[in-house]
Amino acid sequence: MSNRHAPLPLLVVAQAVISAASLVVEIVAGRMLAPHVGMSLYTWTAVIAVVLAGFSAGHWWGGRLAEKPTAQSLNWTGGALIAAAVTTSGTVLLLPMFANPVLSASPDPVWGTTALTLLVFFLPSFFAGTPAPVLAKIAVTTAERTGPALGAMFAAGAIGAIAGTLLAGFLFISWLGSTLTLFVVTVIYFACAALFFWLGGLPWSRASLTGLLVLPVTLMALASPSPCDRESRYFCLRVDDLSADPSQPVHLMVIDHLAHGISARDLPEVQFTKHTAMLDHLAQLRSQRADFASFHIGGGNYAIPRAFAFRETGPITVAEIDPAVTEMAEASFWFDPATATVLHEDGRRALLTRPETAYDIVIGDAFTDVVVPVHLVTREFFQLVADRLTPDGSFLMNVIDYEDRLGAVASITATMQTVFPVVEVWTEFSQPVPGQRMVFVVVAGASRTGVDEFSVPAPDLTRFGALADAQVMQMVAAHGQVLTDDYAPIDRLIGRSD
């Protein structure tokens, strides 16, 4: 067995390509985890920590391989990349297999997310981190000038990482989806493994046999069903049919891991979730005129804009950051885009860049479980909303919290109280069980709502009420803190207790 000469440019390109592929996997990991744990600060912290741990361990092992004779180290590196290909494609199979058992076994969502990420994505990062020390060792021992050679290898790794991040975020995921993106990475790993086997002088028959042994895993992964009907630049989107009668369709929109909204084709005015029922009816109660102008932060299945359009209220503006969500609402949730002005941009930016428009009602419905847009719960944002409201206008915001915590709803209420004269907290009129996940609507404006309770379909007739002022004061005093653009630990405040 004799190794072939590996010129420095070839080593540089190989290092850049492997680094790019490994960073693609890191970005895809966040997207793949989203249908199971959501896309939050916790998710990305776990992904980055696990991937960096894998790279570090892989670099350590690669350093030991680099001590071997060049031919052996190249062949071992080729084997590591075969393992990287197998474990990378295997994530498509392992993630749905481990998700429920791991998350159910962990009482804390942070540790559950971290454990799941470790089980599924550590090995792909470990094996992808192995080649760097081997290639660097060969580069510095064969080049005429060791310093520039070593610098070129480090630069190649960094440039590859940048390229992989950009390709995954801007191209691969939205055009190919997670599974096909991982297939592209798998092919790249196989190609690089073949290159190293060739440079290391491994007989072609043995190299081919190695590839054939792992081919079934790759094919099984590709055949695995995706949890998404569509993967956009932002979300994993799915539509579930809940119809009891096919002639009267009812659809559920699932965004990442959460049921986001339900709509019935023949009942545009009926809200099927508690938060939309409260938002819809409170908007009617607080509007000063029938033709009120409304601004909606978050479209989702567009249940509320659709109800407003059916009642022929005034101008409807929706800021939905993901065009794919709007397209799905039009295709599967009977939303007519001609009835509203849809802005495919962030809700805060949409308000910031349109100072000439005043709204009677602003609705914030971008709050889902632990996935919280931090910039939409701060004092600065609430001040921006207040500046865009008419004098008698109202801001209504959906908030989710837990009965035994209440830190999120208390802090959002406390923050709104620094901007608005009146802040109310509404929820279902019932006694919650300990630790129950609760849905609130926080209402802010210049005056109080004309009633302190009401009953509306959600879809069954449900009674909702406003917390007494004393209850709100007690909750804010015990759990509230003012959130700002500089400090808004909303992910921690809403952390689940079950």
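Taken together, the values in this text are just the output of simple stated rules run on the coordinates, not laboratory data. Predicted model only: the values in this text are computed from it and were never measured. All Cβ positions, glycine included, derive from the backbone under ideal geometry; neighbour counts span all protein chains shown.
Which percent of Cα-Cα pairs in region 236-493 sits in each 10 Å bin, short to long?
In whole percents, the pair-distance histogram is 7, 32, 39, 19, 2, 0.
May I ask you to derive the FRET efficiency for Q383 and L94 from their Cβ-Cβ distance with R0 = 41 Å, giving the value to the nearest 0.05?
With R0 = 41 Å, the Cβ-Cβ based efficiency is 0.30.
Please name which of F429, V374, S394 has its Cα lying farthest along the dipole of region 352-433 towards the positive end, using unit charges on Cβ (Lys, Arg +1; Asp, Glu -1) and the Cα centre as origin.
V374
Any idea what the relative contact order of region 242-290 is, in percent, if you count C-alpha pairs under 8 Å spaced at least 6 apart?
Answer for region 242-290 is 21 percent.
Between D336 and T45, how many nm apart are label points set 7 Å from Cα along the C-beta direction?
About 4.7 nm, to one decimal.
Could you please state, rounded to a whole Å, how far the C-alpha centre of region 413-485 is from the C-alpha centre of region 20-34?
39
So for E231, E424, E327, fewest C-beta neighbours within 10 Å to most, what's the order?
E327, E424, E231
Looking at region 253-378, what % of the alpha carbon pairs are farther apart than 24 Å?
20
Once the principal axes of the Cα atoms of the chain are found, what is the range along each, listed largest first in whole angstroms?
Sorted largest first, the three principal extents are 87, 50, 46 Å.
Please give me, ordered by residue number, the trypsin sites (Lys or Arg not before Pro) of region 218-302 that lie in loop per DSSP and have at most 11 other Cβ atoms within 10 Å.
Of the trypsin sites (Lys or Arg not before Pro), the ones in loops of region 218-302 whose Cβ has at most 11 other Cβ atoms within 10 Å are R289.
For region 400-498, with only Lys/Arg (+1) and Asp/Glu (-1) charged at the beta-carbon, what is the dipole magnitude about the Cα centre, in debye rounded to 20?
20
Looking at the square roots a ≥ b ≥ c of the eigenvalues of the Cα gyration tensor of region 311-389, which shape do they give, rounded for a/c under 1.5, prolate if a/b is larger than b/c, or oblate?
Oblate, since a/c reaches 1.5 and b/c is not below a/b.
Kindly point out which whole DSSP H helices in the chain project their C-alpha atoms 24 angstrom or further along the helix axis while averaging a Kyte-Doolittle hydropathy of 0.5 or above.
8-37, 41-66, 70-105, 109-128, 146-167, 173-199, 204-223
Checking a compactness column here: for region 8-227, what do you get for Rg(Cα) / (2.2 N^0.38 Å), N being the number of residues?
1.02
I want to check the label-to-label distance for S106 and Q248. Put each point 7 Å from Cα in the C-beta direction and report it in nm to one decimal.
For S106 paired with Q248, the spin-label model returns 4.3 nm.
Can you find, among L118, F183, V102, the residue sitting farthest towards the positive end of the charge dipole of region 8-227, where Lys and Arg contribute +1 and Asp and Glu -1 at Cβ?
F183
Given R₀ = 35 Å, what would the calculated FRET efficiency be for E67 paired with L171, taking r from the Cβ atoms and rounding to 0.05?
After rounding to 0.05, the efficiency reads 0.35.
How do S332, S125 line up, fewest other C-beta atoms within 10 Å first?
Result, fewest neighbours first: S332, S125.
Only Cα pairs under 8 Å and at least 6 apart count here; give the relative contact order of region 88-204 as a rounded whole percent.
23
Output the lone cysteines of the chain: those with no second cysteine's C-beta under 4.7 Å from their C-beta.
Lone cysteines by the Cβ rule: C192.
Lys and Arg at +1, Asp and Glu at -1: add these up for the other residues within a Cβ distance under 12 Å of P133 and post the number.
Neighbourhood net charge equals +2.
How big is the convex hull of the Cα atoms of region 25-142, per residue, in Å³?
Once divided by residue count, the hull of region 25-142 is 91 Å³.
If you place +1 on the Cβ of every Lys and Arg, -1 on the Cβ of every Asp and Glu, and leave all else neutral, what size is the dipole of the chain about its Cα centre, to the nearest 20 Debye?
In debye, rounded to 20, the chain gives about 2200.
Explain nothing, just the number: relative contact order of region 236-493, from Cα pairs under 8 Å at least 6 residues apart, as a whole percent.
18
Give the distance, in whole Å, between the Cα centre of region 131-204 and the Cα centre of region 268-284.
What the calculation gives is 52 Å, centre to centre.
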